[in-house]
1. Net charge near A:Glu179: determine it from the other residues with C-beta under 15 Å of the C-beta of A:Glu179, scoring Lys and Arg +1 and Asp and Glu -1.
2. Could you go through region A:204-220 in sequence order and give the Karplus-derived ³J(HN,Hα) for each residue, using 6.51 cos²θ - 1.76 cosθ + 1.60 with θ = phi - 60°, rounded to whole Hz, and x for Gly and Pro?
3. DSSP loop (so not H, G, I, E, B), at most 11 other Cβ within 10 Å: list which GluC sites (Glu not before Pro) in region B:17-78 pass both filters.
4. Order of A:Leu203, A:Leu177 from fewest to most other C-beta atoms within 10 Å?
5. Around B:Val94, under 14 Å between beta carbons, what's the net of Lys plus Arg minus Asp minus Glu among the other residues?
6. Give me, ordered by chain and number, the residues 5 or more places off A:Leu67 or on other chains with an amide H under 5 Å from its own placed amide H.
7. Average partner chain C-beta neighbours within 10 Å, per residue of B:116-125?
8. Let me check I've understood the local charge: for A:Glu104, count other residues with C-beta under 15 angstrom from its C-beta, Lys and Arg +1, Asp and Glu -1. What total comes out?
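What follows is calculated from the coordinates using simple rules that are stated; it is not laboratory data. Remember, it's a predicted structure, so these values are computed and weren't measured experimentally. Note that each Cβ is placed from the backbone with ideal geometry, even for glycine, and that neighbours are counted across all protein chains shown.
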Protein chains: 2
Amino acid sequence: MQIINGQAVAAYIKQQAKKECEVLSEAGKTPGLAVIIVGEDPASLVYVKNKITACKEVGINSFCYKLPADTDESTISDLIEKFNNDQNVDGILVQLPLPKTLNERSILSKIDVGKDVDGFSAEQMGKLLLGEGCLSSCTPSGVIQLLKYYNIPIAGKKAVIVGRSNTVGKPMALMLLSEDATVTICHSRTQNLSEITKTADILVVAIGKGKFIKRDMIKEGAVVIDVGMNRIDGKLCGDVDFDAVSEKCSFITPVPGGVGPMTVAMLINNTVQSAKTRMN
Amino acid sequence: MQIINGQAVAAYIKQQAKKECEVLSEAGKTPGLAVIIVGEDPASLVYVKNKITACKEVGINSFCYKLPADTDESTISDLIEKFNNDQNVDGILVQLPLPKTLNERSILSKIDVGKDVDGFSAEQMGKLLLGEGCLSSCTPSGVIQLLKYYNIPIAGKKAVIVGRSNTVGKPMALMLLSEDATVTICHSRTQNLSEITKTADILVVAIGKGKFIKRDMIKEGAVVIDVGMNRIDGKLCGDVDFDAVSEKCSFITPVPGGVGPMTVAMLINNTVQSAKTRMN
């Protein structure tokens, strides 16, 4: 059994991005990421801080706007519009979740598709489905990068995804499908879940329920990717019961240090790729 | 075993659309569909003729433009632009396939999203993934309508889709998922296909291979939806070996007369729904 080192792969991807950033900067085009955070959600503040730190490491200019929780939609839209038209901004990130008073979908739809480095817009999702080159959702594309880095075969394999969120489950299914896996999507309404998860060569879990996936739910030798991030008794854990499951699988991602760092690395990568399209 | 009568369900949907059309027309808003066909592909000419006929039945104005096979992209784009701005046009349909000299994706992207009644644009596909109300792909939404008309339960059922096309397989997966099915997508690279198809409560096949699905590939009592349309020895047949499979399943769509008529009915329905949004 091998533990997938997300920190190391993320560092590698950021290293590549740094090299690309240097080339771009020498050509007079330093990539830029604009981050908007509304309110004081502590987890969101940590995530944003990590993203800004990663930008600095790599050489991306970051522009962070912290707005009070009672900011209205038009103020945020105006700010997004400004970034849409700003040649120094290649990526625009609105940290989610937004305060419940705001319409998340409406705000996200204001972001220029070419600067949607989170890949959450309808058009980017549609491009993903259609197999067109795009800035794809960071977490699922991070999972694909992990599998590729470890030379884990995907084509012809049976992939099972537990969870059908717009940010992970559904785009993950499309990405694994385009890598030629046979893909099954399970969720809260799935019957006999463990019978299905036991057929998986590659199991991706993103449901937000601590230690939900037990040893008897996986096949011997499976690759287990844990996208969960929960706290049990104050301690961070994934959706997979790591200690019990890890003995039985061939590869597994730990929490923390698995998928998490990849999300930031893919955001950085998307920002650099986006900057390249703005070179000419 | 019950044969699903696509003709009858399509007639019912068109009847509903006709009533809505009458109400709209009385309010001074007769729905309009613009159809563009390039070249002389015989099958495409038949499809377009059927669509125009259905428009007439229902009371939708249709505007059909037959262009020669050597028409260039800018001519088609200009025509689309004209329809985008025409208040009498609620739906724009570019009949596929286009001649190979033309960039299909680029041309489709010119259609105003609100008039994309085929649901093929990136943005409509993305909205489908995100679960936002949209004009969704006609063939897979027609399949959903068939299942609902026959009160076939979907939630919690195991749905298997064979085929991963952009027009059927992938949107079909998202629609079945949003109806709470557990969804598996199989394709040419899937290993042990029949082991997977045998687990399906609902099996949807869209691969374009005549009589490919045999009796031993399905579960007793399964619901079998055949999206295929092939010719063997000059005779029309689906992707399912109907005679052998029909004895074993609970519901099955015939070819012709199953899914086919639904595609046209859903196009009509999308055009009427689109017209409603243009009422105010």
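1. +4
2. Working through the residues one at a time gives 10, 10, 8, 10, x, 10, x, 6, 6, 7, 9, 4, 7, 9, 10, 7, 4 Hz.
3. Sites meeting the loop and neighbour criteria: B:Glu40.
4. A:Leu177, A:Leu203
5. Net charge around B:Val94: -2.
6. A:Ile37, A:Val38, A:Gly39
7. Partner-chain Cβ atoms within 10 Å, mean over residues of B:116-125: 4.
8. Result for the local shell: -2.
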